[in-house]
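In what follows, a structure is listed as structure tokens, so that the remarks can point back to it.
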Amino acid sequence: MYIVDVYSAIQEGHSRTEIETGISEFCEEIYEEMSEDETLWVFAPNQYSTDGCWPVGMSLAESIRAESPLVLKNIISIHTEGGSGGNLRPVYEEILFLVKDKREYKFNKDAIRVEHVYKGNEWGGERETGSSAYHDTEVRRYNPEGKDPGNVWITEVRDETPNEEVDESLPFDRYEAFRRCIRAGSNEGETVFTVGANGSTESIIDEEGRNHEVLEVNF
């Protein structure tokens, strides 16, 4: 599993061209090294400046696509505290989820499931099953392991009213996003290769029982 975090590169003032070129060339190189089931996760916070908005995630996705056969499987958005940018500040960050083989990639959804939204009101009884919107069959309304977190990650506050609706949404801890990606994309004992990770990310990798190896990218 590979994780690339371009936050520091952006904060250090590397140009858009430097970052896009460095990441796309890196992806071209590691493609040959990756096993069929390995995945790549790119943390790409958007940047606002006097020159306007640089949609980092979309820009990097296009650069990677142009230089390597990696497949963009999904994009996860996380609600963040916001960064630098004068009067305009980004309040979300994108995580590119790229795979080498879309038939073989590793993604353990059960490892990152979250509590069901209306578990307190609807769990059990006649609401255990329902009709699938995609197949003419009966399915479980609730997976006992929890619900799919989806591809928009926020912190939901549901304890201020009795009906468990979303009372307030708050930023999602960036490092918990790293933890989710590590749990979904690797197994204990595997090696997580990182670019641009800091000490907090390295600690999470250790806490999750993975090995860690740092890789370098020339920006």
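Here, each number is a calculation from the coordinates, and none is a lab measurement. As the structure is a computational prediction, the values presented were derived from the model and not from experiment. In this analysis, Cβ positions are derived from the backbone assuming ideal geometry, glycine residues included, and neighbour counts consider all displayed protein chains.
Please compute the length gained on full extension between VAL166 and ASN143, using 0.36 nm multiplied by the number of residues separating them and subtracting their Cα-Cα distance.
6.2 nm
Which GluC sites (Glu not before Pro) does segment 143-181 hold that lie in a coil by DSSP with at most 13 other beta carbons within 10 Å?
Taking segment 143-181 and a limit of 13 other Cβ atoms within 10 Å, the loop GluC sites (Glu not before Pro) found are GLU145, GLU160, GLU165.
Applying the Karplus parametrisation 6.51 cos²θ - 1.76 cosθ + 1.60 with θ = phi - 60° to the phi angles of segment 203-216, what ³J(HN,Hα) value in whole Hz is obtained for each residue in order, glycine and proline being reported as x?
Computed from phi, the couplings for segment 203-216 are 5, 5, 4, 5, 4, 7, x, 9, 8, 9, 9, 8, 10, 10 Hz.
What nm value, rounded to one decimal, do you get for the distance between GLU190 and GLU213 when each label is placed 7 Å out toward the C-beta?
Once both label points are built, they end up 1.4 nm from each other.
If you place +1 on the Cβ of every Lys and Arg and -1 on the Cβ of every Asp and Glu, how big does the dipole about the Cα centre of segment 144-219 come out, in debye to the nearest 20?
Value, rounded to 20: 320 debye.
Please list the non-local residues whose amide H lies under 5 Å from the amide H of VAL6, H modeled 1.01 Å from N, same-chain partners needing a gap of 5 or more.
Result for VAL6 returns PHE43.
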